[in-house]
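The values are calculated or read from the model by the stated rules, or taken from the named source; none is laboratory data. Please read all numbers here as calculations on a predicted model, not as lab measurements. So basically every Cβ, Gly included, is an ideal-geometry build from the backbone, and we count neighbours across all protein chains shown. Remember, those area values only see protein heavy atoms, side chains included, never the ligands or the DNA or RNA. Shrake-Rupley method; radii C 1.70, N 1.55, O 1.52, S 1.80 Å.
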Amino acid sequence: MNHELIESLKTLKDVQVVAVSKKRTKEQIEEVAKAGLRVFGENRVQEFIDKYDPAYTWHIIGHLQTNKVKYIIGKVDLIESLDSLKLAKEIEKYAARQDLIQDVLVQIKISNDPMKTGLPYEEAEEFLKSLQAYPHIRVRGFMCVATHTDDMNLVAEEFENMHTLYKSMKTIYPTIDTLSMGMSHDYKIAIEHGANMVRIGTAIFE
Ligand SMILES: *Cc1c(COP(=O)(O)O)cnc(C)c1O
């Protein structure tokens, strides 16, 4: 665990740090929580369920299958990876059943990498419009994963495009207040380009 980094992350103003705890043990999570970070991100439902502790705040950050939604509603504070109406429908169903409103981020596929998931950038506006039909879903903003490359100009350009989308949708939907982008290797660039949530795993835990 990188104490020095955690201390510096704690001084960030107006940026929520999500400690990405995938593949880490409960003991490691507890250690990071003791050091002062209490929001954790998991990308697999089974792993999340195994490690879930209501004392902390939890985000789902990985691709979510519709048949797994029922296991996480009521436990997860923010689903960062909403990318289809089919998934939205399922979230609506289980959130309604538990009489709660589920906060979500829409994951946008900003990179050209065919392996990356997320909604195409061009479809974001229409998608947000469609989500208005689901009263138990509250859209808080967007999440993206930039292209994995050493070309930091490309990464910066992708983050800037996301920032543009975020700002314009924020003027239409008052619940939008979160732009989640940036990981261990690119979170500083993300913050420079408007991120107010960063998801950091390796750099915190190793
Ligand atoms: C794993 C993961 C992260 C954290 O990546 P690191 O490089 O370990 O900081 C952030 N976001 C998503 C969606 C991830 O899957």
- Kindly flag which residue pairs out of Lys10/Lys34; Lys10/Lys75; Lys23/Lys51 have an alpha-carbon separation exceeding 19 Å in this structure. Lys10/Lys75
- Item | Virtual spin-label span in nm between His3 and Gln65, 7 Å along Cα→Cβ | 4.2
- Full-stretch length increase - Asp177, Glu31 - with 0.36 nm per residue and alpha-carbon distance subtracted: 49.6 nm
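Could you work out Rg/(2.2 N^0.38 Å) for the chain, with Rg from alpha carbons only?
Working: Rg = 16.2 Å, N = 206, 2.2 N^0.38 = 16.7 Å.
Ratio of Rg to 2.2 N^0.38 Å for the chain: 0.97.
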- Go ahead and collect, in residue order, the members of segment 116-159 whose backbone nitrogen is under 20 Å from a label point 7 Å along the Cα-Cβ direction of Val15. 141-159
- Message: Going 7 Å from the Cα of Arg97 along its beta-carbon direction, which residues of segment 57-71 have the amide nitrogen within less than 17 Å of the resulting point?
- Response: 65-71
- Measuring from label point to label point, each 7 Å out along Cα→Cβ, what is the Asn112 to Gln46 span in nm? 3.6
- Quick one: with all protein chains in place, what share of the accessible area of the chain is carbon or sulfur, to the nearest percent (1.4 Å probe)? 49
- Over segment 42-127, what relative contact order in percent results from Cα pairs under 8 Å that are six or more residues apart? 23
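Remind me, relative contact order of segment 3-205 in percent, using alpha carbon pairs under 8 angstrom and six or more residues apart?
Numbers: 375 pairs, mean separation 39.8, N = 203.
Computed over segment 3-205, the figure is 20 percent.
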- Task: At a Cα cut-off below 22 Å, give the lysines reachable from Lys170, other chains included and same-chain residues fewer than 8 away excluded.
- Result: Lys13, Lys109, Lys129
